[in-house]
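A short worksheet on the structure shown next.
Any read-out appearing in this document is the output of simple, stated calculations on the displayed coordinates, not a laboratory observation. Fair warning: this is a prediction, and the values are worked out from it, not measured in the lab. In this analysis, Cβ positions are derived from the backbone assuming ideal geometry, glycine residues included, and neighbour counts consider all displayed protein chains.
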């Protein structure tokens, strides 16, 4: 099946775009902090130029829908939605946790615990296994919780690989809560658009990609910032600890 697909991820401090061109992947990936607004369009234009493609030659688009930075997710989803509507192309949304899990599976892991630092003393986390096609398959619903409230007890037994900035920030809290063995921990891992391509390809192949009108972020929580009272309480707790 001949396909030209563009995937975009801006859910974390990384900014990446990747093209699937008839079986080959071309990617640009940068760690940009909070400058997605300035960096995303030039990055996408450069990627298309590298591949010698015009937007009108794309068959579909893929967006990382979060969870992650509220502003970052909105920027990426907004660009994909706008391009898809303008080009009249189908879209697929892929979660950033599934992307992190797919990266680990591609490196040989069998069960993965992706975890992103959600700020505000919380984490986004999920648990994924490998399906028959080698793709990340959720073993529980993605969640946002304080790291000390994570409940790993219902997970299947066996070995796990841990990836994502949540592990980098809260490994000392999370590791004792896992009753199973951790084979590896990559606390610096960030989502990459190339793994969104991997997960979205079967959806396009089955003809199940959706309309841009239905593309929406997966925030997991609906609060952007702590209230002043909550901030003061958090500072007091840290100073007394």
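Placing a label point 7 Å from the Cα of residue 159 along the Cα-to-Cβ direction, the residues of region 178-208 with a backbone N closer than 11 Å are 181-184. Packing around the peptides 169-180, 67-78, taken as the average count of other Cβ atoms within 10 Å per residue, puts them in this order, highest first: 67-78, 169-180.
If R0 is taken as 22 Å, the Cβ-Cβ distance between residue 35 and residue 56 corresponds to a FRET efficiency of 0.20. When 140, 115 are sorted by how many other C-beta atoms sit within 10 angstrom of their C-beta, beginning with the fewest, the order is 140, 115. Residue exposure proxy: 59, 9, ordered by other Cβ atoms within 10 angstrom of their Cβ from fewest to most, comes out as 59, 9. When you restrict to C-alpha pairs under 8 Å that are six or more residues apart and normalise by the size of the chain, the relative contact order lands at 22 percent. The convex hull defined by the C-alpha atoms of the chain has an orientation-averaged projected area of 13.6 nm². Based on C-alpha pairs under 8 angstrom that are at least 6 apart in sequence, region 97-186 has a relative contact order of 29 percent.
Applying 1/(1 + (r/R0)^6) with R0 = 41 Å to the Cβ-Cβ distance of residue 3 and residue 175 gives a FRET efficiency near 0.50.
When both bridge partners sit in region 97-186, DSSP labels roughly 60% of those beta bridges antiparallel. Counting only DSSP beta bridges whose two residues both lie in the chain, roughly 60 percent are antiparallel. Residues 211, 153 in ascending order of nearby Cβ atoms (within 10 Å, fewest first): 153, 211. Normalising by residue count, region 97-186 has a Cα convex hull of 81 Å³ per residue.
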